[in-house]
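So the structure is just underneath, and the comments pick up after that.
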Amino acid sequence: MSKLKVIQLLPELNIGGVERGTKDFSKALAENNHESIVISNGGIFEKDIINNGGKHYKVPIHKKSIFSLKLSKVLKEIYLSEKPDIIHVRSRMPAWINYFAFKNLDSKPLLISTFHGLYSTPPYSKIMSKVDHMIAISETVKSYIKNTYKVPENKITTIPRGCDMNIFNNNSIDSKWMLEWFAEFPQSKDKIILTLPTRISSWKGVDSFIDLISLLNNDKYHALVVGPVAKSKRQYFNKLQNKIKTLNIENKITFTGSRNDIVNIYRLSDVVFNLSIKPEPFGRTTIEAISCGAKVVGWNHGGTKEILEELYPDGLVELNKIEDLKNITEKVSDSSYPSPKNNTFTSEKMVKMTIDLYHQLLSTSS
């Protein structure tokens with residue numbers, strides 16, 4: 001297949017699913033002998049882009065301001081200089097800036113967007129559909145695009161997110177890490193570990209998780225909530241702490257804060273949960289946990305439903321049925337209960353499908 005030159009646009013290159021995905025995809029493009037260029041306001045992954053064979057242009061396309069549209073001149077200059085085959089936009093503000101740069105090009109590259117979320121309907125979000133082709137990260141997102149923006153089905157391709165199996169796998173846990181973990185969290189030793197990996201936010205299902213733990217009248221379980229608490233969420237976090245006190249389960253649940261050893265926490269966990277009240281556009285933690293050998297339980301909607309239907313239907317529970325959640329947790333947490341199928345949602349598969357789509361679209365447009 002012919003060599004491609006691809007430009008990806010996103011606001012910044014700091015922590016997050018879109019950012020990590022862009023970094024990984026840039027690396028994969030370079031490894032497959034394609035040219036990769038990323039335009040963003042920079043961030044912690046900027047060095048990775050360059051070290052992994054890509055090129056990075058630092059342009060402040062992250063600011064949600066009418067004045068940011070002036071940056072379309074800067075983008076146009078980059079496009080004229082680089083002459084890409086494909087421009088791939090991954091976020092709304094960069095998509096707007098790109099729109100004004102792109103429409104003034106005489107020779108136009110292929111324009112693609114990825115819908116990473118269930119964007120709201122105002123004209124601000126509709127810009128993501130003003131492209132040659134759209135990628136949806138799940139069937140949930142695809143049907144949302146069709147219904148919200150009235151886009152024909154043949155303009156959308158579903159390419160699920162994937163995780164890197166070199167990182168997320170069921171390798172044995174380093175004994176030094178294990179000793180350090182139990183020194184820090186002795187309350188989790190010799191317990192069935194139930195884990196909710198999430199930032200603290202009211203729609204992420206922490207409330208439901210606390211309700212579940214209060215119903216499990218057994219000292220054999222210990223629950224972990226793994227994720228950061230933003231300053232704006234302190235009040236909500238305090239409310240959760242008060243609820244735990246009222247239910248008298250302080251010794252059964254631990255908030256670990258943000259951790260960079262999530263892979264080992266997945267491996268240590270018996271059951272990992274996705275209890276988001278709003279449908280997840282995809283549900284990355286679900287595939288990560290399954291790849292690391294954990295069983296996963298989640299509400300039967302959104303991207304989580306799609307993943308579990310394929311890999312672990314036993315873990316599906318109807319939304320907000322706490323009693324059912326308790327019963328299924330008790331059932332699957334038994335060590336003799338079957339584990340999920342091997343994860344099929346891999347980065348490798350996602351990269352291949354995206355590059356194949358590029359070639360297919362370029363061949364039909366020429």
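In the list Asn218, Asn154, Asn147, which residue meets the criterion of being without any contact (Cβ under 8 Å) to a residue 40 or more places away in the chain and assigned by TED's automatic domain parsing to the domain that holds Lys295? Talk me through it step by step, then tell me what you get.
Numbers: Asn154 fails: assigned by TED's automatic domain parsing to the domain that holds Lys295; Asn147 fails: assigned by TED's automatic domain parsing to the domain that holds Lys295.
Every option except Asn218 fails the conditions.
Considering only region 249-267, state which residues are among the small types (Gly, Ala, Ser) and part of a strand (DSSP E or B).
First, pick out the residues of region 249-267 that are among the small types (Gly, Ala, Ser): 257-258.
Of everything in region 249-267, just one residue is among the small types (Gly, Ala, Ser) and part of a strand (DSSP E or B), namely Gly257.
For the structure I just gave you, tell me whether Gly42 is over 24 Å from Leu357 (Cα atoms) and not in a helix (DSSP H, G or I). First the steps, then the outcome.
Values: over 24 Å from Leu357 (Cα atoms): yes; not in a helix (DSSP H, G or I): yes.
The answer is yes for Gly42.
Among the residues of region 110-124, which ones are in a loop (DSSP other than H, G, I, E, B) and either in contact (Cβ under 8 Å) with a residue 40 or more places away in the chain or at positive phi (or both)? Working first, answer last.
First, pick out the residues of region 110-124 that are in a loop (DSSP other than H, G, I, E, B): 116-122.
Residues satisfying the conditions are His116, Gly117, Leu118.
Just the residues that are of a type outside the set (Gly, Ala, Ser), under 24 Å from Asn274 (Cβ atoms) and not in a helix (DSSP H, G or I), please, taken from region 225-248.
Val225, Val226, Pro228, Val229, Leu247
In region 1-39, which residue that is more than 18 Å from the chain's Cα centre (by Cα) and buried (at least 23 other Cβ atoms within 10 Å of the Cβ) is farthest from Thr354 (Cα to Cα)?
Out of the qualifying residues, it is Ile39.
Would you confirm whether any residue within region 125-146 is loosely packed, with under 14 Cβ neighbours inside 10 Å and not in a helix (DSSP H, G or I)? Write out each step before concluding.
As a first pass, look at region 125-146 and keep what is loosely packed, with under 14 Cβ neighbours inside 10 Å: none.
No, every residue in region 125-146 fails to be loosely packed, with under 14 Cβ neighbours inside 10 Å and not in a helix (DSSP H, G or I).
The values are calculated or read from the model by the stated rules, or taken from the named source; none is laboratory data. Note that this is a predicted model, so its numbers are computed, not measured. Here the Cβ is made from the backbone with ideal geometry for all residues, glycine too, and neighbour counts use every protein chain on show.
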